[in-house]
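> Take this structure first; my questions come after.
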Amino acid sequence: MTPAPSPSPLDVVVHSGPADWWVILAGLGPLAVLIAALLAFYINWRTLKQRTAADKTALDQKREADVQALRQKTEADSRAEWWRRTQWALDRALDDDEGTKALGLATLEVLARSELAREEELELFDIAWKNVSGDENGEDYDSAQDVQSVDSDGEMGDNEMTGKHKTEEVGQ
């Protein structure tokens, strides 16, 4: 076996002159990558913040629209049920039997105090009272007396649907 030759010395030459531009540019590469990453992070953060705000606004608008739709549906359903009860009471008020007529008129009186009663329906009640009381022959009809009795300050009942704070005069 032959021994390995001993290593020979290596000469290193260092140039002390100014560096070339591509050497400087290559040294700034990692800094440029870091700046690009920070810029991308900032842009993505602002986009996420903007989308989150837009989604919140859209959700709030949808929630408000849903609440409004529910409120309208509830009011429409309540008015439909009120009108169904009113039709029943009108049929009873126009009956020939005095007991049935009294029941119908009492029911109409309660229904007239409801906040669901509109001016048009109250006019129908006035017509029904005229018909039942026999004032069809053109006699002067004092509706203010009926309105006073219909819109009395008494409570409607245990369901507290209408009370003193919820009654209104017709025509206001």
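> How many residues does the range 74-86 hold that are open to solvent by 90 Å² or more (accessible area, probe 1.4 Å) and not basic (Lys, Arg)? Step through it out loud before you land on a result.
In the first step, residues of the range 74-86 are kept if they are open to solvent by 90 Å² or more (accessible area, probe 1.4 Å); the result is 75, 84-85.
Then drop every residue that is not not basic (Lys, Arg), which leaves 75.
Qualifying residue count for the region: 1.
> Here is a list of conditions, (1) in a helix (DSSP H, G or I); (2) more than 30 Å from LEU111 (Cβ to Cβ), and GLU81 meets all of them except one; can you say which number that is?
With (1) in a helix (DSSP H, G or I); (2) more than 30 Å from LEU111 (Cβ to Cβ) applied to GLU81, the lone miss is (2).
> I'm told THR2 meets every condition in (1) assigned to a loop (DSSP other than H, G, I, E, B); (2) among the polar types (S, T, N, Q); (3) within 24 Å of the chain's Cα centre (by Cα) except one. Can you identify the failing condition by its number?
Every listed condition holds for THR2 apart from (3).
> Starting from the range 49-73, take each residue that is open to solvent by less than 100 Å² (accessible area, probe 1.4 Å) and list its partners that are among the small types (Gly, Ala, Ser) and not in a helix (DSSP H, G or I), counting only C-beta distances under 6 angstrom and pairs at least six apart or across chains.
From residues that are open to solvent by less than 100 Å² (accessible area, probe 1.4 Å), there are no pairs.
> Which number in (1) touching a helix residue (DSSP H, G or I) at 6+ places or on another chain (Cβ under 9 Å); (2) of a type outside the set (D, E, K, R); (3) modelled with pLDDT of 95 or more marks the one condition that LEU90 misses?
It is condition (3) that LEU90 fails.
> Among the residues of the range 89-112, which ones are over 19 Å from GLU123 (Cβ atoms) and not charged (D, E, K, R)?
GLY99, THR100, ALA102, LEU103, ALA106
The values are calculated or read from the model by the stated rules, or taken from the named source; none is laboratory data. All of these numbers come straight from a predicted model, not from anything done at the bench. Quick reminder, even Gly has a Cβ in these numbers, built from the backbone with ideal geometry, and neighbours come from all protein chains shown. The protein model used for the area step is the full one, side chains on, heavy atoms only, and it has no ligands, DNA or RNA in it. Shrake-Rupley method; radii C 1.70, N 1.55, O 1.52, S 1.80 Å.
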